[in-house]
Amino acid sequence: MTSTEENTPWWRSAVIYQVYPRSFADGNGDGTGDIAGLRARLGHLAGLGVDALWLSPWYVSPLADGGYDVADYRDVDPAFGTLDEAAALIGDAHALGLRVIVDLVPNHCSEQHPWFQAALTAGPGAPERELFHFRAGRGPQGELPPNDWQSHFGGPAWQQTADGAWYLHMFAPEQPDWNWEHPEVRAEFLSVLRFWLDLGVDGFRIDVTDHLVKEDGLPDTAGHHHTPHPWRDQEGVHDIYRSWRALLDEYTGERTFVAELWEEDPQRFARYLRADELHTAFNFPLLRSPWDADALRSVIDATLAAHALVGAPATWVLSNHDTTRHVTRYGRADTSYDFDRAARHGLPVDLPLGTRRARAAALLTLALPGSTYVYQGDELGLWEVEDIPDHLRQDPTWLRSGGVDRGRDGCRVPLPWAGAEQPFGFSPERASAAPWLDVQPDAWQALSVAAQSGDPDSHLEFYRAALRLRRQEGGLGDGPMDWQDGVVAPAVLDFTRPGSFRCVVNLSAAPVPLPPHEAVLLASEPLADGKLPSDAAVWLRAAGEG
Ligand code: GLC
């Protein structure tokens, strides 16, 4: 971990690795990644040089949305292991110097959650239903949804029950939204936070942070023109996070919150990161930005300005379990990311170009002020698997959009670890079942951890080197940066950090000369005649200083 000051909290500067447990490593051979597999591979993460893990949900879940549909917030799904194994994993990770952040899903639960089942059974008007958003329908027979809200996964955000009432689900129908006006819901989540803090976790990633509170009366979105939107970013969410922060601060050990927040207005974004609320939030503007010097520069400047409003550190994110892997994104003609996955799915991809840019982007993001996220497989240079046969697609967005949205399975394909045969070490030999998403490309044989280890030109060894250097460089992570404009060439990002550290990223079409320097610390591509090639980045020890 790097920091400019000895006592800077770890989360201001950390490199955090996202584990999608189903697809990381299968320990028991049933085809689903699990805690046993993760424990056995923790050495890979410690050796990679990250500071912390964030685990996508591992709770008891029917997996209608990959675990973001939680049936029991205080236990682990048997598919992933047991609570004892979870505790042991946290202990193992800590012993290796790795912190552990778990995912918390407070906007909705699973339809299998006992409180929702009780609400269904209790019937219209019962107090059990007040924990959720049950309403009568519109129309003469109540046959129409109560309002016009649309689910993020397609179709109306309302599901009718057998007794005619409707309940709200901003995501899949299997994910009923909690009613955060209800004191029992608030008390329950404070208790869940305590449960995991007592078990030793170092923090929480908060799912759809801004959705919890809905506008009074659940007004239609049609004709609703004022800010905030009726189902997101309501003022009331801030009270919730203040109460969570107060609870977290009772614990020692620099525990932390990171918000999933797709908020474009920097002022409104920053409000979540006020000193008595959440610590950090994912930086999605970077993930959406095209591979273009001006666009990236303006995202970086806007990000730093927004965070400066509240003194919070920025985060840098290139990929996650919901978005197209950036090797693929950066290999297309249009390198930006859009939720409309259908719009870009299957467009031509130049994978070598995307991979090259991904290496440069790694040096860029690891050099920027704040903390950086690595999504599992980023370190291997994995790409989005786009040719998944339709009958194997599992993401609810695929089914609910009637096949228009190709879904998020392509970034969730099980990791390749070793060997010449599929599933390349994801499951142990003689596994009882094929991987849950059995679509690894044959070419991933060459991208497995074992295949890349020891090859100095490999993506993995490049990541290891970058992370090693990032730890050694006292000026990286949280702290100041200074643009060095007009020194190298147009379409180049060039900045310095404390300790005579300089990062240059060439987004122009031609090689560029390096600025004066004492040493090249690491380059994403071999330099050609001392020049930095196009779509490459370099870390330098700047000239003339210590
Ligand atoms: C978040 C998660 C995503 C999930 C959704 C609903 O966006 O990252 O995977 O489907 O919330 O919980």
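The values are calculated or read from the model by the stated rules, or taken from the named source; none is laboratory data. None of the values given here were measured: they were computed from a predicted structure. With ideal geometry, Cβ positions are generated from the backbone for all residues, glycine too; neighbour counts draw on all protein chains shown. These area figures cover heavy atoms from the full protein model, side chains too; ligands, DNA and RNA do not enter into them. Shrake-Rupley method; radii C 1.70, N 1.55, O 1.52, S 1.80 Å.
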Qualifying positions in the stretch 442-460 - under 23 Å from the mean Cα position of the chain (by Cα) and of a type outside the set (Val, Ile, Thr): Trp444, Leu447, Ser448, His459, Leu460
Looking only at the stretch 60-82, which residues are within 15 Å of the ligand (Cβ to nearest atom), of a type outside the set (A, V, I, L, M, F, W, C) and more than 18 Å from Gly407 (Cα to Cα)? Ser61, Pro62, Tyr73
Could you check the stretch 16-54 and list, in sequence order, the residues that are within 16 Å of the ligand (Cβ to nearest atom) and either free of Cβ contacts under 8 Å to residues at least 12 places away in the same chain or in contact with an Asp or Glu (Cβ under 6 Å, 6 or more places away or on another chain) (or both)? Gly33
For the stretch 422-460, which residues satisfy the criterion of being open to solvent by less than 40 Å² (accessible area, probe 1.4 Å) and within 19 Å of Leu363 (Cβ to Cβ)? Gln452, Ser458, His459, Leu460
From (1) outside any helix (DSSP H, G or I); (2) of a type in the set (A, V, I, L, M, F, W, C); (3) away from the ligand (no atom under 16 Å from the Cβ), pick out the condition that doesn't hold for Trp11. (1)
Look through the stretch 498-519, keep the residues that are more than 11 Å from Leu540 (Cβ to Cβ) and in contact with a helix residue (DSSP H, G or I) (Cβ under 8 Å, 6 or more places away or on another chain), and return whichever of them is surrounded by the fewest Cβ atoms within 10 Å (Cβ to Cβ). Ser508
Checking Leu382, Leu353 in turn, the sole residue that is closer than 22 Å to Leu522 by Cβ, in contact (Cβ under 8 Å) with a residue 40 or more places away in the chain and part of a loop (DSSP other than H, G, I, E, B) turns out to be Leu382
At least 3 residues that are open to solvent by 10 Å² or more (accessible area, probe 1.4 Å) in each: list the helices (runs of 4 or more DSSP H) lying fully within the stretch 235-291 that qualify. 236-248, 266-271
So which of Gly486, Gly475, Gly499 ends up being on the phi > 0 side of the Ramachandran plot and in contact (Cβ under 8 Å) with a residue 24 or more places away in the chain? Gly499
By residue number, the members of the stretch 407-421 that are surrounded by 19 or more Cβ atoms within 10 Å (Cβ to Cβ) and not basic (Lys, Arg) are Gly407, Asp409, Gly410, Cys411, Val413, Pro414, Leu415, Pro416, Trp417
Any hit, the stretch 157-176, residues being within 15 Å of the ligand (Cβ to nearest atom), crowded, with 16+ Cβ neighbours inside 10 Å and at positive phi: no
Inside the stretch 115-153, can you point out the residues that are under 28 Å from the mean Cα position of the chain (by Cα) and open to solvent by 20 Å² or more (accessible area, probe 1.4 Å)? Gln150, His152
